[in-house]
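Below is one structure, written out as C-alpha cells; comments come after it.
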Amino acid sequence: MNKTLRKWIPAGLALSSLLAVTACSNDSTNEANAEEGSSWLEEANLDANETPDELYELAKEEGKVVVYSQSSRIKDVKASFEKEYPGIQVDAFDLGTIEIVEKVAREQEAGLNTADVVFVKDGGGVVSGELLSEGMLHKYAPDDIVEKLDETFLDEPGLPFYFSTRAIFMNNEVYDESTITNWWDLTDEEWKSKIVMDDPLLSSDTLDLFTTIVQNADDMEAAYEEKFGNAIELDGTDNAGYEFIKQLLANDPVFVSSGDDVVEAVGTPGQEKPPVGITTSSKSRHIEEQGYTAEFLYDVEPKMSVAGTSYLYMANNAEHTAAAKLLIRWMAGEADGQGEGFRPYNVPGSWSTRTDVSVEGQRPSSDLSLWPYDGEYLYDHSNDVRNFILANQ
C-alpha cells in the first residue's frame, strides 16, 4: 500500500477510488516518474530568481497555469492575475485539504502532471510528511519575497504566505469578552449542547487543534488548575489534553460541516442565549457584511489556539513552470507586498507571514498567544486523537 494513504484511511473518508487507482501503480512507473522528475527539477531551476518580467515572457509561451486551491478566494486571484498578465489563463480548482492530498497523490502516482501550483495547509503533517517527502511537491521561494518573511517562517517546507487559526467565536451582542477566558470554560454545564464547531473527523484544521491540545497537555493541566483551583484528576485518560477533549465531547457539542454554519449559529442577532463556536478565524471577514454579531476571542488560557499556515508549492513535473512561478509570486504579494494576488487573503482573521503587510485594526501576529504548529507530531499522533474522538462521541 502506498505510504501516502496510510494517514487518511482511519478517517473513514471516501478514499476507495484512490485506493483502487494507486493499487495499480507499480515500481517501474515510479522509477520512470523519478527519472523524469529529476530531469524536470534541473530544467525548472526552482532556486533561480527570475524577475516577473522575465517570467511573463516565458509564461506567455506556456499560455496557462493550473492551481489546486484550498480556498474559494482563488477566483479573485484568477481575475486579478489574468488582468495583470493577459495571455495566461488560470485554471483554478477549489478543493478541500483532503481532496487536494488525494488528487495530487492519485495523479502523481498515475504519471499525470495536471497541477502546476498547489495551495494547501499541512493537513496534520501529511503534506510535509508524505507529499513533499515523496517528491510530489517542491518549494519555490524567490529571495526577494523570502527576505520579507517573519523569521519564524524562514525554515518552512513550502512558501508560507498567511495563516489563520481555529478560534472560539462568541456572540458579542449578548456576551462580553470575560464570558470565556479558558478552554476549560467550554466544559461547564452552562455550555452543554451550546457549542457549535467544525466536525474534527472532517476538518483537518480542527483535528490539528485537538492534537495540539494533547501535545501541550501540561499547559492544559495548568489552565485547569487556574480555573478550578485544584489539580486535575484524570478520568481514565492519559493526560489533561485528552481529558479536556473527553469532557468537551461529554458536553454534547454540535458538529457541523462548514465554518459558515458555525458563524451563523453563533452570530445571528436577536438570540437570548446564543451558542459559542469553534471555527477558523478567517470566517470573521464576512461577519460585518452578513449582519452577524460575533467575534473570535484572543485571550484564552492557556493559548488562543495553534496557527494553521497556508503554503504555496510547485507540483512535481509541472508543465507550466514559468507561469507557476509567476502565479506563486502574485499570490505571495510580489516583492513589494502590493500584489493584488495577496489581497483576498489579507483580511480580518488572517495574518500575513510577511513583516511588511498587516490588517488594520487587528492584533499583529507577534501579539498572538499560539501553540507552535508541529507537523511531525501531528503526523505521528493525529490518528490516535481521531480514534479517541470516535470512542468518546
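The values are calculated or read from the model by the stated rules, or taken from the named source; none is laboratory data. This is a predicted model, so every value here is computed, not measured. In this analysis, Cβ positions are derived from the backbone assuming ideal geometry, glycine residues included, and neighbour counts consider all displayed protein chains. Side chains are part of the model used for accessible areas, which takes the heavy atoms of the whole protein and leaves out ligands, DNA and RNA. Shrake-Rupley method; radii C 1.70, N 1.55, O 1.52, S 1.80 Å.
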- Determine if region 260-281 includes at least one residue that is touching a Lys or Arg at 6+ places or on another chain (Cβ under 8 Å), within 21 Å of residue 156 (Cβ to Cβ) and touching a residue at least 40 places away in the same chain (Cβ under 8 Å). yes
- Message: Which numbered condition in (1) within 20 Å of residue 202 (Cβ to Cβ); (2) surrounded by fewer than 23 Cβ atoms within 10 Å (Cβ to Cβ) is the only one that residue 253 fails?
- Response: (2)
- Filter result for residue 135 (crowded, with 22+ Cβ neighbours inside 10 Å and on the phi > 0 side of the Ramachandran plot): no
- Query: Name the pairs: first residue in region 108-136 and within 13 Å of residue 317 (Cβ to Cβ) and free of Cβ contacts under 8 Å to residues at least 60 places away in the same chain, second residue open to solvent by 20 Å² or more (accessible area, probe 1.4 Å) and among the basic types (Lys, Arg), Cβ to Cβ under 7 Å, at least 6 apart or on different chains?
  - Reply: none
- Residues of region 161-210 that turn out to be within 30 Å of residue 357 (Cβ to Cβ) and among the acidic types (Asp, Glu), as a count: 4
- Item | Number of the condition not met by residue 203 [criteria: (1) touching a Lys or Arg at 6+ places or on another chain (Cβ under 9 Å); (2) closer than 26 Å to residue 99 by Cα; (3) open to solvent by less than 10 Å² (accessible area, probe 1.4 Å)] | (3)
- Query: From the list 246, 227, which residue is open to solvent by 50 Å² or more (accessible area, probe 1.4 Å), under 21 Å from residue 302 (Cβ atoms) and touching a Phe, Trp or Tyr at 6+ places or on another chain (Cβ under 7 Å)?
  - Reply: 227
- Sort out which residues of region 69-99 are open to solvent by less than 30 Å² (accessible area, probe 1.4 Å), farther than 24 Å from residue 203 by Cα and in a strand (DSSP E or B), and write them in order of number. 90
- Which residues, counting only those in region 152-185, are among the β-branched types (Val, Ile, Thr), farther than 22 Å from residue 127 by Cβ and not in a strand (DSSP E or B)? 174, 179, 180, 181
